[in-house]
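Inspection log for the structure reproduced underneath, given as structure tokens.
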Amino acid sequence: LFLNIHMIKYHTFFLIFGIAFSETNSSFKINIDNHEYILVSDDNAGDNRNKKNQDRWIAIDKIQHFSYSCLIALGCQYVLVNKYNNSEDSSLPFSCLLSFSAGLAKELNDKRGQNGYFSIKDMIANIIGISVACLIILQE
């Protein structure tokens, strides 16, 4: 049990570490307790075919898209309701649209870059994040 908790602690650290550095063009090699961990950014993926093949459903990138979309929608909703005195119902479509637009703009920008690739899976993660934000906002 101690070993499992010990390893979970390290894996949680790497998850957070990976989120913090996933936008860099670097790889990091870490040695902890004689276990070597290598974190590699997806930006080193190569051409479009490689990017498409490496676009996994379960990845730090999808967690980022989900989280950012959810937080943008919640933040926008908070500002519209609490700072501009709009109603929850009238603010919700604008909050969702702003969050969706930010995710779409990011994917369009990714496609424009060298070896660019528009990820449908990233957009689905964005939509799921926005949906969770809507559920939180509409909860009584």
I'm trying to understand the selection: among the residues of the range 86-118, which are modelled with pLDDT of 95 or more and of a type in the set (S, T, Y)? S87, S90, S91, S95, S99, S101
Can you say whether E107 is touching a helix residue (DSSP H, G or I) at 6+ places or on another chain (Cβ under 8 Å), open to solvent by 60 Å² or more (accessible area, probe 1.4 Å) and either under 17 Å from D55 (Cα atoms) or of a type in the set (D, E, K, R) (or both), as far as the supplied structure shows? no
Candidate set: the range 100-140, residues that are aromatic (F, W, Y) and not in a helix (DSSP H, G or I); chosen: the one nearest to G75 (Cα to Cα): F118
Selection from the range 75-89 of residues open to solvent by 70 Å² or more (accessible area, probe 1.4 Å) and out of contact with any helix residue (DSSP H, G or I) (no Cβ under 7 Å at 6 or more places or on another chain) yields Y78, N82, K83, Y84, N85, D89
How many residues of the range 79-99 are assigned to a helix (DSSP H, G or I) and more than 30 Å from N53 (Cα to Cα)? The answer is 13
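The values are calculated or read from the model by the stated rules, or taken from the named source; none is laboratory data. Quantities reported herein were computed from a predicted structural model and do not represent experimental measurements. Positions of Cβ are generated from backbone atoms using ideal geometry, with glycine treated the same way; all protein chains shown enter the neighbour counts. Side chains included, ligands, DNA and RNA excluded: accessible areas come from the protein's heavy atoms. Shrake-Rupley method; radii C 1.70, N 1.55, O 1.52, S 1.80 Å.
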